[in-house]
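The values are calculated or read from the model by the stated rules, or taken from the named source; none is laboratory data. Computed from a predicted structure; not experimentally measured. Cβ sites come from the backbone with ideal geometry, for glycine too, and all protein chains shown count toward neighbours. The protein model used for the area step is the full one, side chains on, heavy atoms only, and it has no ligands, DNA or RNA in it. Shrake-Rupley method; radii C 1.70, N 1.55, O 1.52, S 1.80 Å.
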Amino acid sequence: MRIWRWLLRILVGVVVLALLAVGAAWWAMHRSLPPLDGAVNAPGLAATAIIERDAKGRPVISAASRSDLAYALGFAHAQDRFFQMDLSRRFAAGELSEMFGAVAVGHDTRVRRYGFRRAAQAVVAASSADERAVIEAYVRGVNAGLAGLDSKPWEYLLLRAEPRAWTAEDSVLVVYSMWWQLQYGSLTSEIERRRLERAATARAGATPEDAHALIAFLYAGYSDWDTPDYGNEMCTANCGHAPPMYPRLLAFPGPVAEEKGAEPKAPGSNNWAVAGAHTQSGVALIANDMHLDLGVPAVWYPARLRVTGEPALDLAGVTLPGTPALVAGSNGRIAWGFTNSYGDFADARFGPCADPGYRERKERIKVHGQPDVEVTYHEVGAGFVLDDAEYAVDVASGSCVQAAWIATRPEATNFGLLGLERASTVDDALNLAPRIGIPGQNMVIGDAGGRIAWTLLGRVPRTSGPDRLFGALEFRDGTDHPRLVDPPVGRLWTANQRVVDGALEPVVGDDEVDVGAGGYDIGARARQIRDDLVGLAQPAVPADMLKIQLDSRALFLGRWRDLALALLDESAMRDSPSRREFRTLVSDWKAEASADAVGYRLVRELRGEVLDSLWKTLVDGLLGEGAGLKRPGSFEAAGWRLVNERPVAVPPPGGDWRAFLLARVDATIASLAKDCGTLAKCTYGSRKPVAVRHPLSRAVPLLSGLLDMPTEQLPGDHHMPRVQDGAFGASERMAVSPGHEADGYLELPGGPSGHPLSPFYRSGFDDWARGVPTPFLPGPAAHKLELTPR
């Protein structure tokens, strides 16, 4: 009995210690929550500023001047999102290893090559006096907000690390982290395309013209999704580009490649504008949903920003933590939104791995818990020699890839986005656009007078030539910068497709194949949006925009379904119950990417199996097995043409098109049976549930329930307006008319706070998941915090 009493005491002691540890952790985390009410000292502030929050935690920030407004926004960003800001600057600077150790050395080594911290310093030095005043006030606010917490942000408690003070160049690094997320894929696509073209040229009897024709067929992204443009000057897909002839080098040698990849995805978005003549309010209506990898906290920070002094200012929309500008939204006179643009922003070529003329640069990477790592890089012109194992193609012969990327040019990035805040008309915004330095974006604008326009936001080189980015650049200005204004149809839309044709097309890039390799969407999503817009039976209101953003109808896959049904005739199904079941489920499909759809998933998987088999077999034949080149999204055009026309002159792997396609059906059935057990259980929602996670929950799975958003099965896919592929999807959804912000909506997949103990950590997520419109403007103030100058 005495032994049991001792065991009981030990057990009670262990439980008490565990509870004390949990309590201490909770107390420490709770101390890092920001104050919501009262008054706090704010050193460096000129006059009192106020941060009010509604019941969802969305802030209204008011100050007497633009500099004080930047200070107060920086204060709020730091108190709610400092760790997110820190990760962004470290990501772009290649300084994650200093916090996370050896696991991040590979990333830091890759990103240090591009010298973003050095470029950020140059950007700050080149900024105007007005811009410097705003950014320096923002920096003061960030550091005051960080210092104003009772405890350092909770993530640093978990990591046993100390937060580092914010600087002006750190805000530029946050912009560079967006450059990387949005357009680094264009650089890697350009490199892969050059590798493939080089291998094709090396084929016996091949000419450079033969190789170029093959690449144009595979990458250029002509699309058969083009349709009449209703009198608009914008493109929907191929813009009249004729399908190329089958190239002489097109062949599928060897057996079918069995290793398959995921559906190609690229950062993208939807945006559109409806002119006032077609809206109920008579004012232009702007809609935007930007598609990105989703995480916790959300990418964007919602805010209403008010300058109460003269000149007054009233902004509303989304901001990017770490920067002082409104990214997308409304200033009461104009509204704007973005989609990623896939222009010719990167060049790649082959050259010597070593040359006395190259510049050498050494970087020292600090690694937590381990010795520093020193890395040597070589630069040629304005580009870089990719002479490491990841990129080197034929080091033995001294040949390496050389790459140049416009993101590394300091003149391509600036704080010019601040200028949009005071634009009053479409013309004002268009005049500013050529000088604004951000990752290339399709911007649609609408004003209170009902006018609309599209332009390419970001610095666009006027310099031409296949290797133009290796040398000095001259940038376009208002005289020749691409734009479309007040189209006759009264609507403008972009969805990452080829946007313009004719004289404007070379402005985006001097080489159609280069641009195609950069990732143009094939246009199915754009066409569905356009048809939805033009098909509205009444003057448009914001609710109509949300309905389009949530459109998950499977128009794109319809032709692949028809192909499957035609292929699986009685002779194909004889003695094959699995093929018969496959056909039955496809025949009875629900023509949308809904969570419960089975037929949709079957058709989707079959399409991927067919395209992957063709692509990888072709690439393996040129580069050797295991080359690892990702199938570009633009290959849809070439792949569909092959399986639809089944040219005798270009036989598939195995030699017979029907046999090849039936084998792909069987491979699809086997793969789905492995995943689901039976085909009937293979719902689309179960394929990749939407798990929006905090970066630290992967390292500490026990905290997943506290840190992550609820896992959901949601509708949507890539080639439809509602884009959703696991945790890739709409980082926001909004629609707003300038001057009518109270009628708009703004959905976000998470709340303003990055603290899991905050009541605002998950606010808004359910509305985003269910497609319920959250008001564009914050509601009545539930909390009020005064920042008073010391």
Sequence-distant or interchain residues sharing an amide H contact under 5 Å with GLY471, placed H: which?
ALA382
Would you mind working out the magnitude of the charge dipole of the chain relative to its Cα centre, with +1 at each Lys and Arg C-beta and -1 at each Asp and Glu C-beta, to the nearest 20 Debye?
2100 debye
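Where only protein heavy atoms count, and the probe is 1.4 Å, what is the accessible area per residue for the stretch 326-441 in Å²?
Averaged over the residues of the stretch 326-441, the accessible area is 36 Å².
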Quick check: the angle from helix 524-534's long axis to the longest principal axis of the chain, C-alpha only, nearest 10 degrees?
70 degrees
Computed ³J(HN,Hα) along the stretch 550-557: with the Karplus parameters 6.51/-1.76/1.60, θ = phi - 60°, integer Hz and x for glycine or proline, the list is 9, 6, 10, 5, 8, 5, 4, 7
Each label sits 7 Å from Cα toward the beta-carbon; between VAL772 and ASP372 the label points are separated, in nm, by 5.4 nm
Using the alpha-carbon centroid of each, what span in Å lies between the stretch 587-620 and the stretch 89-126?
39 Å
Which length gain, in nm to one decimal place, applies between THR188 and MET245 when the Cα-Cα distance is subtracted from 0.36 nm times their residue separation?
17.8 nm
Excluding ligands and nucleic acids, what accessible area in Å² is computed for SER330 using a 1.4 Å probe, to the nearest 10?
0 Å²
In nanometres, the difference between 0.36 nm per residue of separation and the alpha-carbon distance of ASP531 and SER464 is 20.6 nm
Distance between Cα centroids, the stretch 717-764 to the stretch 288-345: provide it in whole Å.
12 Å
Cα-based helix-to-principal-axis angle, 599-623 vs the chain, degrees rounded to 10:
70 degrees
Over the chain, what percent of the accessible surface lies on carbon and sulfur atoms, probe 1.4 Å?
56 percent
Using a ≥ b ≥ c from the Cα gyration tensor of the chain (square roots of the eigenvalues), is it rounded, prolate or oblate, where a/c under 1.5 gives rounded and otherwise the larger of a/b and b/c decides, a/b for prolate?
rounded
If you line up the long axis of helix 66-93 against the longest principal axis of the chain, both from Cα atoms, how many degrees apart are they, to the nearest 10?
50 degrees
For the stretch 524-604, run through the trypsin sites (Lys or Arg not before Pro) and keep only the ones in DSSP coil with at most 15 other Cβ atoms within 10 Å of their Cβ.
ARG574, LYS590
When Lys and Arg each count +1 and Asp and Glu each count -1, what net charge do the other residues less than 12 Å away from MET85, Cβ to Cβ, add up to?
0
What does the helix-only formula give at 222 nm for the chain: each DSSP H stretch with n ≥ 4 adding -39500 (n - 2.57), the total divided by the residues, and the result rounded to the nearest 500 deg cm²/dmol?
-11000 deg cm²/dmol
In the stretch 631-728, the trypsin sites (Lys or Arg not before Pro) that fall in loop regions by DSSP, at most 12 other Cβ within 10 Å:
ARG698
What's the local net charge at THR308, with K and R +1, D and E -1, over the other residues with C-beta under 12 Å away?
-1
If I model a spin label at ARG422 and ARG559 as a point 7 Å from the Cα along the Cα→Cβ vector, what separation in nanometres do I get?
5.1 nm
Gain on full stretching of the segment that runs from LYS547 to ALA147 - 0.36 nm per residue minus C-alpha separation:
139.6 nm
What nm distance separates the two modelled labels at ALA591 and ALA670, each placed 7 Å from Cα along Cα→Cβ?
3.3 nm
Qualifying chymotrypsin sites (Phe, Trp or Tyr not before Pro) for the stretch 427-482 [loop in DSSP, other Cβ within 10 Å: at most 14]:
none
Quick calc, ALA691 & ALA742: beta-carbon distance into FRET formula, R0 41 Å, rounding 0.05, result 0.75
So, for the stretch 134-189, what is the accessible surface per residue at a probe of 1.4 Å, expressed in square angstrom?
33 Å²
Karplus-derived 3J(HN,Hα) from phi for the stretch 97-114 (6.51 cos²θ - 1.76 cosθ + 1.60, θ = phi - 60°), whole Hz, x at Gly and Pro, runs 4, 4, 9, 9, x, 4, 4, 9, 5, x, 5, 4, 4, 5, 7, 4, 3, 8
Regression test value, accessible area per residue of the stretch 691-732, probe 1.4 Å, units Å², expected 34 Å²
